[in-house]
Structures are given as structure tokens and as C-alpha cells.
Amino acid sequence: MTNPELSVSGGNIGQLDVDTVLCWVPEGSARLSGHAAAVDRATDGALAVMIRDGLITGRSGETTVLHGGKLRAKRVVVAGAGKAEAFDAHAERRNAGNAARTLRGLNAGRVAWSTQSYATGTVDPAVAAAARAEGVLMGLYRFDKHHTREADRPRGAVTSVTFVEASARAATAATRGVAQGVAMAEATNFARDLANEPANLMTPTIMATHAQEMAAREGLECTIIERAEAERLGMGSYLSVANGSHQPPKFIVLRYRGRGAQSAPIALIGKGITFDTGGTSIKPAAGMERMKGDMSGAASVLGAMMAIARLKPSASVIGVAPCTENMPGGGATKPGDVVYAMDGQSIEVINTDAEGRLVLADGVAYAKQQGATPLIDVATLTGAINVALGKVRYGVHTNNDALMADLERASALSGEKLWRMPMDKEYEDQIKSDVADVKNTGGAPAGSITGAKLIEKFAGDTPWAHLDIAGVMDVERDRGEWVKGMSGQPVRTLVHLVLNRSK
Ligand code: BES
Ligand code: ZN
Ligand code: ZN
């Protein structure tokens, strides 16, 4: 997939040398203004007549194709913007994603895209521009590299998009917004590419290579901790998950050094199970292929680090991605085994399928040992979070109210919805072990919380949050900026969090 070239112009929409003009009509408005009025004049009033006759309603998702008339473009696409009252940056992003896919289906080529949607003035032009760019690039995302037949790939192309603003001043603000939106969307699509790739083509070794290539390209430091080094560091919890696999484990560390005074980096730590069979406690066959996405947390950390490298916040950030397969080979961990994490705490492995918390124990302990704060881990940790929150919101488990507030602010900007889960001390009773400091399962009740409780032991008193994304890791159908397949959540929330803490 090649992304369209995005640019911003403050010029006259009718004069641009493009193939298609996209303009927006709000729901329930009788009077046309700005770009829509210009399109109406160029089409001898066709637009106004179609609205009057109820053929164009402005409902969100509606698209109507007209001949370009006196415009330089041969074709005009009129898109419904929805109700002006309901309009915000999230509606802008959603509408942009849907419109971009419609334009691709029409083989729209070079597009002049009116930004004078509706409710002009209610959203900051830079914020609206960022959301629009995210919608276009995320909405056009496809993972089709393994279709060898051309016919199985989407036909049609959007080769360039010029966002046409009403004035030169708005265009300046929008240019800034588009740059941020492009960084966010490309980072999300990078995370999606890693997570969508089947597990035979996205082993820990291949993940490490992608991390190194990305780091070299974007100017980050990258270190891969190999098995021998992990043994020396005492990462027995993480390594115990790799015991049943022929693939060598790779513990990825990325560093971004901001120019800020605060020296302690923010840590982003992602679960990187490139395939989760369950290990000795093997999973049922039905649906197991979904477990190629069990490295989505690691993918979102790599994606976030890529955007951070481009947007250059003042805060420093360390990205940690402990990667391994979870396989039932001859050397695999057995239920009842006791393993030791790098900070010396022992864990009784009751169920080898609760492996995410085992790799994160060492991931979080490592980041803490590096002096990082806060510690934010991202993981497809439990089926239980999907039972609790479904595919709408991911769960946040944290020991710190201020960090929760930061995450909520970041989520309000990204539109990636979250929900705080309770973390009462009493839940810890469920993971008390008879033979070790803690055991890795706590039974079915409150399954996402007991998982979080284990990880919390390795964060100690350091501000920490655990994002359980098992429900939202993938998407079932195309809608707005979301495309069927792995979602790339919560890359943009992580990046906004880092940007906000840099202000
Ligand atoms: N990777 C799974 C969780 C998961 C399930 C992610 C569905 C995405 C979609 C995780 O490693 C796992 O198997 N968790 C177990 C924990 C249990 C054994 C305590 C679960 O949720 O059943
Ligand atoms: Zn598992
Ligand atoms: Zn897993």
C-alpha cells in the first residue's frame, strides 16, 4: 500500500489541477456556503436542487457523485458531514476515514478536499487537520501483501490529497496539524503491519530486526538483549516463556532522549508474544490463529516510539518489548514450576497460558531498574478484559491517580477509549501462592485485575499503569479510521501522553 501525498492549500478549490473535488454538506442545512457554494455555482445549481429535493441529506456516510461542471476537476464527491451539533475532532477523523475509502473505491486519483465541513470554528484548525490526516491514512490502511493475485487487492487509488482551507492563516495552522496527524497515523499503521503479519513471518528475531531498522531510520537508540544476556540479568520469568520454542527470545530496548531537564525517562513496555499457543496449558484450536496478534502491545510500543522520534517531545522515553513465542516444546515450562524474575521475586506458574504477566514482570522490573517513571505497560493480557469491556474500551489498571488523569486526557485526544478498573488490595489474595511469592493465575473472577495485580508487584511504588488491550487489539469491520484486522491501539494515546507531559 502506498500512502497518498498529503498537502494543505489556502487557495480556490475550483482552480486546483486535480481529478476529484470532495466537499461536505451538513445534515439539515438549507444554505450552502464556502466551498459547497462554489461547487453549487460550478454545477449550475445542481447541488442546491439535489438538497432541496431530498436527494442529498448530509447524513454521515452519504456520498453523491456529480460531474465537475465548470470546475477544473471532472468529478465532485459530495459527502454527508452529519449533524453540526455532534461535530468534534472525532467525527472529523471518522468521516475522513469513511470518505477516503469511498474515494479509493471511485479511483479518485488526485483529490482536492474541502476542510470547510460544518460547524467551522468549533474545533481548533490544527486539531481538526490532525484528526483529518489520521482518518485518511488510517482509513486507507490495508494489509494485503500476501494476496498474490491483483484481483484480491482493492482497485482504485487516491494518489494525493490537498486539504483546501478557507484562508492562508488556517492553512498555516492546518499544515502543523497534518504533520502531527501523519506521524500518528504512520506509527499506527506500522504497529498494524507488525501485528497483522502471521507468526511465521513475525518471529521475535524478525520483530527485533524491524525495531533496529525503524530505530536507524528515525534516529532512536536500539539494543537487543539476547538470551545469554537476559540470563545474566536474571530474567528467569521472561525466559521461562521461551523454553518451549525453537525461536530465540529477543528483548528489545529503544531509547529516545528528549532535550528536557527531567532525566528520568517515561517507560512504555509492550507484551511481545509473537504467538501464544498457551504452552503446556495449550489453547483450544478454534480461533487460535488470532494469537499471532499477541505481540500487539509490543507493536504499539514500537509504533509509539516511531512517532515520538518524529515529533521530538522534550521528555525522554524508553521503549521495552520483551519478545518470545509461547510454545509447548519439550523444554516448555510445566504447571507448578517456580521461576525467578530479575528483581528476585519468585512466581509459581499455575497456567503456562498466563504468560503475558511473566514476560511483563521482567519487562517492568527492567524499566524500573533503568530509573524510568512512570511505567506504562501495554498487553493483550486477558480474555477477561474482553468479557468486561468488549471491543469498545480497553482497561486501565493503575496505582496512581495523576497518571490515570494523564491517560484520560491523552485518550480524549486520540479517541481511543479506555476505562479504569478497580485495584483493591483484596484482589491480591487470589494470587497468593503456597510455594512462591505469587502465582500467575487467580481463577476466573476479576481475571484482568488479578493479572494486573501480579504485574503491580514488579512496579512497586513507582507510578505505573497497565493497559489491557486484549478486547480492542483487533477490529471486525471497516468503520471510520478503523480497518478490519489489528487495530494499532493504543499508539496515539501513548504518544499524546508523552507530548502532554512534555508541555
Ligand atoms: N493472550 C492471551 C489473552 C488474549 C485472549 C488476548 C484473547 C487476545 C484475545 C493470554 O496470554 C491468555 O491466554 N490469558 C489467559 C489467562 C488465564 C490462563 C489466567 C486467559 O485470558 O484466559
Ligand atoms: Zn496465554
Ligand atoms: Zn498471551
Computed over the range 5-182, the distribution of all Cα-Cα distances in 5 Å bins, rounded to whole %, is 2, 9, 18, 22, 22, 15, 7, 3, 2, 0
What does the helix-only formula give at 222 nm for the chain: each DSSP H stretch with n ≥ 4 adding -39500 (n - 2.57), the total divided by the residues, and the result rounded to the nearest 500 deg cm²/dmol?
-11500 deg cm²/dmol
If you bin the C-alpha pair distances of the range 355-454 every 5 Å from 0, what whole percents do you get?
2, 11, 20, 23, 22, 13, 5, 1, 0, 0
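Mean Kyte-Doolittle of at least -1.0 and a Cα length of 15 Å or more along the axis: which whole DSSP H helices of the chain meet both?
Helices passing the filter in the chain: 125-139, 168-196, 204-218, 296-311, 356-369, 401-414, 447-459, 491-501.
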For the range 289-357, treating each Cα as an identical point scatterer without solvent, what Debye log10 I(q)/I(0) comes out at q = 0.29 1/Å?
-1.31
Distance from the range 145-219 to the range 406-473 (C-alpha centre basis), Å
31
State whether the range 197-501 is rounded, prolate or oblate according to the following rule on the C-alpha gyration tensor (a ≥ b ≥ c being the square roots of its eigenvalues): a/c under 1.5 gives rounded; otherwise a/b larger than b/c gives prolate, and the remaining case gives oblate.
rounded
Run the simple label-point estimate for ARG72 and LEU311 please: 7 Å along Cα→C-beta, distance reported in nm.
3.3
Highest average packing first - 148-160, 454-466, 338-350, Cβ atoms within 10 Å
454-466, 338-350, 148-160
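We did not get these values from a lab; they are worked out from the coordinates using the rules stated. Just so you know, these numbers come straight off a predicted model, no measurement behind them. Using ideal geometry, Cβ is built from the backbone for each residue, glycine included, and neighbour counts are taken over all protein chains shown.
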